[in-house]
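One structure is given here, and the rest of the page talks about it.
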Amino acid sequence: MGAVARAADAPVVLSEDDPMAKTLGYYKDASKVDVKKWPKRAAPEGKKQFCNNCQFFTADGKTQGKCQIFANKLVASKGWCNTWTAKPAA
Ligand code: SF4
C-alpha cells in the first residue's frame, strides 16, 4: 500500500506526446526544437533558452525540474517550450 501511495504522489514526467506539450511545443532536448515551427528559439537569443533558465521552472535534481505551466510535471533541465520566459533577474 505504501508503495502505491508513494507512486501516486511521485511527480509525473511530462511526455512530449502530452496534448498540451504538443500545443506548446515542448521538447525534452531543446537542441531538437523544430525552429521552423517554433521560430522563437531560432533567434540568436533563442539558443540560450532552456527550461532551467525559465521563470516557470523549479529544479528537482540536476537534470529535471517542475514546470508550473504543466501542472508541476517534471520537464528536462535542457528542455524548452514556446512559453519560455526569462527568469527575472535576481
Ligand atoms: S514553461 Fe519554461 S520550464 Fe516549462 S516547459 Fe516551457 S520552457 Fe520549460
As an exercise: evaluate VAL33 against (1) within 12 Å of the ligand (Cβ to nearest atom); (2) open to solvent by 20 Å² or more (accessible area, probe 1.4 Å); (3) β-branched (Val, Ile, Thr); (4) touching a residue at least 24 places away in the same chain (Cβ under 8 Å) and give the number of the one condition it does not meet. (2)
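Filtering the range 41-90 down to residues that are β-branched (Val, Ile, Thr) and within 8 Å of the ligand (Cβ to nearest atom), which residue is least open to solvent (accessible area, probe 1.4 Å)? Before you say what the answer is, go through the steps one by one.
As a first pass, look at the range 41-90 and keep what is β-branched (Val, Ile, Thr): 58, 63, 69, 75, 83, 85.
This time we only want the ones that are within 8 Å of the ligand (Cβ to nearest atom), so: 69, 75, 83, 85.
Working: ILE69: 51, VAL75: 5, THR83: 39, THR85: 51 Å².
Among residues in the range 41-90 that are β-branched (Val, Ile, Thr) and within 8 Å of the ligand (Cβ to nearest atom), the one least open to solvent (accessible area, probe 1.4 Å) is VAL75.
Looking at the range 61-76, is at least one residue of a type in the set (D, E, K, R) and in contact with a Cys (Cβ under 7 Å, 6 or more places away or on another chain)? Please lay out each step first, then the result.
So in the range 61-76, the residues of a type in the set (D, E, K, R) come out as 62, 66, 73.
Okay, now just the ones that are also in contact with a Cys (Cβ under 7 Å, 6 or more places away or on another chain), so 73.
Looking through the range 61-76, at least one residue is of a type in the set (D, E, K, R) and in contact with a Cys (Cβ under 7 Å, 6 or more places away or on another chain).
The values are calculated or read from the model by the stated rules, or taken from the named source; none is laboratory data. Keep in mind that what you see is a predicted model, and the values were worked out from it rather than measured. Cβ coordinates were reconstructed from backbone atoms using ideal geometry, including for glycine residues, and neighbour counts include every protein chain displayed. Protein only, heavy atoms only, side chains kept; ligands, DNA and RNA dropped before computing areas. Shrake-Rupley method; radii C 1.70, N 1.55, O 1.52, S 1.80 Å.
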